[in-house]
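What follows is a set of notes on a single structure, which appears directly below.
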Ligand SMILES: [Zn+2]
Ligand SMILES: [Zn+2]
């Protein structure tokens, strides 16, 4: 299984992850923070399914741009998957004719722009040779992590963001024998623990505590480091000296097998 971490900063360095999007096997996206800026356009056209973790802007910001970019007259359109709260937010706050044309309503009229599909916790869906299981996280709005299993190979990866400390995702991680990688957030430095608690995110210290719930050694890729505190957070993550942990680099493609 191939996971591309879509870069989301403009300029010399791809290092910063400002918006979240991961493209799996070229055809399925987790989150759409930066999906609508992916180049070349054909790379966007190949993405047929978008799974949204939650409704925050760094995860949905360019969804309307993506839908606009890949539109083709005809019966086919991308599928957008999310919990009921995400889908309601898309309708009410984004595709409302004020912020962006109501492509949801227009999809029922002639040639569809997008199809919305509701996800339920721990009810897997199968698309593009992948089985994707949403798992409830602990965030300020309802949020899903995703277990993504490649059906042909049983190789699996997990996306755990955005979240404060949680339990269920680790119970499941401990049960999946094909699990080969975990993308886990670490948003704020330890000094900003008060904000991490309020915003339901992890600090490096909380990140380490989460990993004690994982009973196997699996490579962990750090994601969702807030740009305002990038250097202290990176330093504290390095100070953890965890051999199975590396910082996920935007712009790279990771192979899991
Ligand atoms: Zn969030
Ligand atoms: Zn976020």
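Derivation of every value follows stated rules applied to the coordinates shown; laboratory data play no part. Bear in mind the structure is a predicted one, so any value in this text is a computation, not a measurement. Neighbour counts run over all protein chains shown; Cβ positions are idealised from the backbone, glycine included.
Numbers below:
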{"item": "Where only C-alpha atoms are counted, convex hull volume of the stretch 9-141 per residue in Å³", "result": "120"}
{"item": "Rounded to 10°, Cα long-axis angle of helix 230-239 versus longest principal axis of the chain", "result": "40"}
{"item": "Ordering of 217-227, 52-62, 116-126 by burial proxy (mean other Cβ atoms within 10 Å per residue, highest first)", "result": "52-62, 217-227, 116-126"}
{"item": "Full-stretch length increase - residue 100, residue 123 - with 0.36 nm per residue and alpha-carbon distance subtracted", "result": "5.2 nm"}
{"item": "Reference-scaled alpha-carbon Rg (2.2 N^0.38 Å with N residues) for the chain", "result": "0.97"}
{"item": "Listed peptides 69-77, 201-209, 11-19 by packing density, highest first (mean Cβ within 10 Å)", "result": "201-209, 11-19, 69-77"}
{"item": "Relative packing of peptides 176-189, 32-45 - highest average C-beta neighbours within 10 Å first", "result": "176-189, 32-45"}
{"item": "Gyration tensor verdict on the stretch 3-57 (Cα atoms; rounded if a/c is under 1.5, prolate if a/b is larger than b/c, oblate otherwise)", "result": "oblate"}
{"item": "Whole-number percent relative contact order across the stretch 2-255, with pairs defined as alpha carbons under 8 Å at least 6 apart", "result": "16"}
{"item": "Per-selection metrics, the stretch 176-226 (Cα): Rg and Dmax in Å", "result": "11.8, 36"}
{"item": "Radius of gyration and maximum dimension Dmax of the stretch 131-232, Cα, Å", "result": "13.5, 44"}
